[in-house]
Amino acid sequence: MAWIALISSVLVLWFASLCKVFLESLSASKASFLNDGASSRRRNVLVVIAHPDDESMFFAPVINYLTSRHHNVHILCMSTGNADGMGSIRKEELYLASVVLKIPTQQVKILDHPDLQDGFGKVWNWNLLASIIDDETRTHSIDVIIAFDDYGISGHCNHCDVHQGVRKLLHDASGRHLEAWEIVSPNIVRKYIGPVDIWLSILFSRLTKDRPSYCLLNLDLRKSYAAMAQHSSQWVWFRKLFVTFSSCTYVTTVKKIV
């Protein structure tokens, strides 16, 4: 009987968490990320990712937040994800996913640099990354960058290098008005409790005192699933399970990089 009570409790908590998302989607979100109050303005935001599908698998809550508030979102993808020889296919899939996420394809740039190839053990040069990101920010008058944190959600070395590239840019361009935010990696337990992590993310975001932090709920789950489904070469059973059970689908905490 104990296991029945446990399963029932988990199901109730899961349902309550989804209700939280649904209710938030029906009302104006209380999150004030990139909100200047009465003088709130449209920002030029660059989302920097390592591989096609990162935007749908890890960044969907923050992208949905930004587009719902009419910020001008650009995506810079540092590789075609060619580790399995499907780079050209994955490149086109990212364009399809960007349409679902309401990001114009002309605002999506996908690199195929010989020194930035996808793969575990493929170390990317931080100076090169910083230079590329810098060029992109100047070309599109970017004033906000959003990228991985130093663990990169999954621990993939390419994700971690992207974070270090952004940090290198901030250090080198300290005189420019350029702010950067990272999506915070949840620990292994929180990572796989689905929408239940919403409550923990809200709590930890409020307790964070060292630097600005915001908890963003994914207010359009159907759009996120539809975007990930555009990556048909990657949309296999274990990624379907990941998207269903990963907290990254339902909530993202963004923290300012200083």
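Calculated accessible area for the chain comes out at 48 Å² per residue, all protein chains present (probe 1.4 Å; ligands, DNA, RNA ignored).
Note on the chain: the alpha carbon radius of gyration divided by the globular reference 2.2 N^0.38 Å gives 0.99. Annotation note: chymotrypsin sites (Phe, Trp or Tyr not before Pro) in the stretch 78-135 located in DSSP loop regions with a Cβ neighbour count of at most 15 within 10 Å are PHE120. A cut-off under 13 angstrom between Cβ atoms defines the neighbours of PHE58, and their net charge, with Lys, Arg +1 and Asp, Glu -1, is -3. Note on the stretch 107-236: Cα convex hull, mean projected area over all directions, 9.9 nm².
Summing charges over all other residues whose Cβ lies under 11 Å from the Cβ of ARG69, with Lys and Arg as +1 and Asp and Glu as -1, gives +3. Once C-alpha pairs closer than 8 Å and six or more residues apart are averaged by separation and normalised to the residue number of the chain, the relative contact order reads 25 percent. Helix content alone sets the calculated 222 nm mean residue ellipticity of the chain: runs of n ≥ 4 DSSP H residues at -39500 (n - 2.57) each, divided across all residues, give -13500 deg cm²/dmol. Once you reduce the stretch 180-216 and the stretch 94-157 to the center of their Cα atoms, the two points are 22 Å from each other.
Here the chain carries DSSP beta bridges of which approximately 30% are antiparallel, counting only pairs with both residues inside.
A simple spin-label model places the labels of PHE245 and LEU207 2.5 nm from each other, with each point 7 Å out along Cα-to-Cβ. Were the residues from ARG42 through ARG69 laid out at 0.36 nm apart, the gain over their Cα-Cα distance would be 8.9 nm. Rounded to the nearest 20, the Cβ-based charge dipole of the stretch 25-179 about its Cα centre (Lys and Arg +1, Asp and Glu -1) stands at 620 debye.
The values are calculated or read from the model by the stated rules, or taken from the named source; none is laboratory data. Predicted, not measured: the structure shown is a model, and the values here were computed from it. Quick reminder, even Gly has a Cβ in these numbers, built from the backbone with ideal geometry, and neighbours come from all protein chains shown. Accessible surface areas use protein heavy atoms only, side chains included; no ligands, DNA or RNA. Shrake-Rupley method; radii C 1.70, N 1.55, O 1.52, S 1.80 Å.
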